[in-house]
Amino acid sequence: MDGTAPARVERQASFVIRLWLETSSGKARWRGHVRHIQGPSEAYFEDLARLVAFIEERTGVPVPLKPEAR
């Protein structure tokens, strides 16, 4: 060992997420579209769970939804 720290490998993924508000019968609801920049995949979603699933499917890494306790 030469005393240097092992190289840290970072994975990066880029997404474009567009959100808009739709109203129907007096009720407002958020909708969205997500596109993975490094690949040809994209999806429309009506809830956060579908957005999170899309990101997790592309990266293979769970998305933390709550901040970790320090």
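The values are calculated or read from the model by the stated rules, or taken from the named source; none is laboratory data. A quick note: this is a predicted structure, and the numbers were derived from the prediction, not measured. Cβ: placed from backbone, ideal geometry, glycine included. Neighbour counts: every protein chain shown.
Tabulated results
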read-out: Residue within region 44-52 that is assigned to a strand (DSSP E or B) and modelled with pLDDT of 85 or more present; value: yes
read-out: Which listed residue is out of contact with any Phe, Trp or Tyr (no Cβ under 6 Å at 6 or more places or on another chain), at pLDDT below 95, in a loop (DSSP other than H, G, I, E, B) and charged (D, E, K, R), from Glu22, Glu56, Glu68; value: Glu68
read-out: Single residue of Val34, Val63, Val9 found to be part of a loop (DSSP other than H, G, I, E, B) and either within 10 Å of the chain's Cα centre (by Cα) or modelled with pLDDT of 90 or more (or both); value: Val63
read-out: Among residues of region 9-35, those that are exposed (fewer than 10 other Cβ atoms within 10 Å of the Cβ) and in contact with a helix residue (DSSP H, G or I) (Cβ under 8 Å, 6 or more places away or on another chain), counted; value: 1
